[in-house]
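Colleague: Have a look at this one.
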Ligand SMILES: NC(=O)c1ccc[n+]([C@@H]2O[C@H](COP(=O)([O-])OP(=O)(O)OC[C@H]3O[C@@H](n4cnc5c(N)ncnc54)[C@H](O)[C@@H]3O)[C@@H](O)[C@H]2O)c1
């Protein structure tokens with residue numbers, strides 16, 4: 001299946017096809033210099049497969065984990081591009097999860113004011129979320145995604161067969177982002193995950209539904225001035241947990257906890273059951289003060305208020321502007337339960 005992200009001159013195809021990793025030339029322009037950026041947790045067979053389909057490739061491998069999403073590594077990518085005489089018409093391929101695509105995409109966005117960029121997402125999280133929509137960034141001074149850009153890839157190739165090598169914890173953290181999309185925007189997606197008796201059999205449908213919903217939101221609001229903020233559901237508190245947990249929790253696990261702070265009591269019980277079903281965490285150990293401190297330094301905080309996405313009823317959402325003290329109260333209320 002090919003989905004088209006319609007963004008005027010920045011439009012691109014999202015290919016969703018099992019086995020597509022082995023036939024990249026069908027979809028990508030590889031007759032040029034290619035910088036493949038990946039991390040050391042990506043199975044070697046995927047890296048070899050990509051390299052074998054390029055004529056002139058350079059490989060750059062970073063240590064796995066979100067700490068690699070740094071300005072230092074951003075600079076390493078730029079140095080590699082310069083040292084190997086890459087031009088604007090050459091291409092960077094991000095092969096891996098959201099860490100790799102955020103980092104490589106940010107470098108591609110700024111090298112010579114922007115060069116071609118493809119994403120081959122290999123985690124469930126990056127297949128349902130991080131690979132589409134063009135948000136690229138690195139972490140800075142302990143804050144998530146503080147330095148970044150909106151920069152759309154030229155193409156995204158999703159091979160669901162790569163999920164076979166993900167361990168259960170990584171699979172489930174990716175599911176958290178799909179649960180987020182369902183909780184905020186689609187009761188039917190939520191119910192598919194809630195009622196699933198074999199999640200691996202349902203995953204193709206879950207990925208496609210999540211992508212279609214995200215695509216329609218990004219098409220209406222590419223630069224996140226209103227509607228797209230609903231996709232930050234769970235992220236306001238989630239990013240603070242992620243920063244404070246220093247790599248112990250995965251991104252999707254932090255989003256999982258973060259969602260439970262901003263939901264009505266009735267819907268919270270239902271959401272919590274689904275998160276527990278997929279072994280996702282539902283509470284953090286940080287004091288509300290600590291969380292607020294990180295949140296108010298977060299780029300999403302404007303003056304004394306924070307815009308959050310709130311769920312009253314599964315499948316529907318509302319953007320709310322809360323004062324910092326109102327947000328703190330909500331955090332404290334959930335922590336008391
Ligand atoms: N740009 C966006 O719109 C967006 C959206 C959501 C999340 N993110 C970012 O994405 C990052 C999280 O992404 P992630 O959850 O994919 O984590 P990740 O990229 O850190 O990958 C997690 C782990 O999975 C391993 N891995 C990747 N593919 C594998 C495979 N097929 N088989 C076995 N192991 C594999 C990696 O080596 C790594 O150790 C965070 O930095 C988050 O901020 C960005």
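Bear in mind these aren't lab numbers, they're just calculated from the coordinates by the rules spelled out. Source: prediction; values computed, not measured. We place every Cβ from the backbone using ideal geometry, glycine too, and count neighbours over all the protein chains shown.
Colleague: Please check: in the Gaussian network model of the chain (C-alpha springs, under 10 Å), which one of 53, 127, 285 has the largest mean-square fluctuation.
Modeller: 285
Colleague: Which one of 277, 223, 45 has the biggest mean-square fluctuation once the chain is modelled by GNM with Cα springs under 10 Å?
Modeller: Top of the fluctuation ranking is 45.
Colleague: Using helices alone, I'd like the mean residue ellipticity at 222 nm for the chain: each DSSP H run of four-plus residues gives -39500 (n - 2.57), total over residue count, nearest 500.
Modeller: Values: 11 runs with 141 residues, N = 337.
Roughly -13000 deg cm²/dmol at 222 nm, from the helical runs in the chain.
Colleague: Then there is this: Starting from the Cα of residue 304, step 7 Å along the direction of its Cβ; do the same at residue 265; then give the gap between the two resulting points in nm.
Modeller: 2.9
Colleague: Which value, in Å to one decimal place, does the Kirkwood hydrodynamic radius take for the chain when every pair of different Cα atoms is included? Write out the running numbers ahead of the final one.
Modeller: Details: mean 1/r = 0.0498 Å⁻¹.
Kirkwood radius, the chain: 20.1 Å.
Colleague: Could you grab the relative contact order for the stretch 168-336? Cα pairs under 8 Å, six or more apart, rounded to a whole percent.
Modeller: Values: 240 pairs, mean separation 46.2, N = 169.
This gives 27 percent for the stretch 168-336.
Colleague: How much length is gained if the chain between residue 223 and residue 161 is pulled fully straight, taking 0.36 nm per residue apart and subtracting their Cα-Cα distance, in nm to one decimal? Numbers along the way, then the final one.
Modeller: Numbers: separation 62, 0.36 × 62 = 22.32 nm, distance 3.14 nm.
Full extension of this stretch gives 19.2 nm more.
Colleague: Using the 10 angstrom Cβ neighbour count as an exposure proxy, how do 99, 112, 209 rank, fewest first? Numbers along the way, then the final one.
Modeller: On the way: 99 27, 112 14, 209 21.
If I rank by nearby Cβ atoms, fewest first, I get 112, 209, 99.
Colleague: Provide 171, 140 in ascending order of the number of other Cβ atoms located within 10 Å of each residue's Cβ, fewest first. Provide the component values of the computation, followed by the final result.
Modeller: Numbers: 171 20, 140 16.
By the 10 Å Cβ count, ascending, the order reads 140, 171.
Colleague: Counting only DSSP beta bridges with both residues in the chain, what percent are antiparallel, rounded to the nearest 5?
Modeller: Working: 17 of 41 bridges.
That works out to approximately 40 percent antiparallel.
Colleague: May I ask you to work out the translational diffusion coefficient for the stretch 194-258 at 10 °C, viscosity 1.306 mPa s, via Stokes-Einstein with Rh from the Kirkwood sum over Cα pairs, reported in whole µm²/s? If you can, show how the numbers build up before the last one.
Modeller: Numbers: Rh = 13.6 Å.
The calculation lands on 117 µm²/s.
Colleague: Express the C-alpha Rg of the stretch 168-336 as a ratio against the empirical globular expectation 2.2 N^0.38 Å, rounded to two decimals. The partial results should precede the final answer.
Modeller: On the way: Rg = 15.1 Å, N = 169, 2.2 N^0.38 = 15.5 Å.
Cα-based Rg divided by the globular estimate yields 0.98.
Colleague: Using 0.36 nm times the number of residues separating residue 31 and residue 140, minus their current alpha carbon distance, what extension gain do you get? If you can, show how the numbers build up before the last one.
Modeller: Values: separation 109, 0.36 × 109 = 39.24 nm, distance 3.51 nm.
Net length gain for the segment: 35.7 nm.
Colleague: Which whole number in µm²/s is D for the stretch 9-113 by Stokes-Einstein, with the Kirkwood Rh taken over Cα pairs at 25 °C and 0.890 mPa s?
Modeller: Details: Rh = 14.2 Å.
In µm²/s, the coefficient is 172.
Colleague: Testing the spin-label approximation: label points 7 Å from Cα along Cα→Cβ at residue 200 and residue 336. State their distance in nm.
Modeller: The modelled label-to-label distance comes out at 4.5 nm.
Colleague: Still on this structure: For residue 23 and residue 87, FRET efficiency with R0 = 30 Å and r from the beta-carbon atoms, rounded to 0.05?
Modeller: Working: r = 26 Å, r/R0 = 0.88.
The formula returns an efficiency of 0.70 here.
Colleague: Where does helix 235-245 land angle-wise versus the long Cα axis of the chain, in degrees 0 to 90, nearest 10?
Modeller: So the helix axis and the longest Cα principal axis differ by about 80 degrees.
Colleague: Give me the extension gain from residue 316 to residue 287: residue separation times 0.36 nm, minus the current Cα-Cα distance, reported in nm with one decimal.
Modeller: Additional length available on full extension: 7.5 nm.
Colleague: Okay, next question. Based only on other Cβ atoms within 10 Å, what is the fewest-to-most ordering of 250, 143?
Modeller: Working: 250 25, 143 15.
Ascending Cβ contact count within 10 Å gives the list 143, 250.
Colleague: Run through the DSSP bridge list for the stretch 2-165 and note the antiparallel percent, rounded to the nearest 5. Mind dumping the intermediate values first?
Modeller: Numbers: 9 of 32 bridges.
So the antiparallel bridges in the stretch 2-165 amount to around 30 percent.
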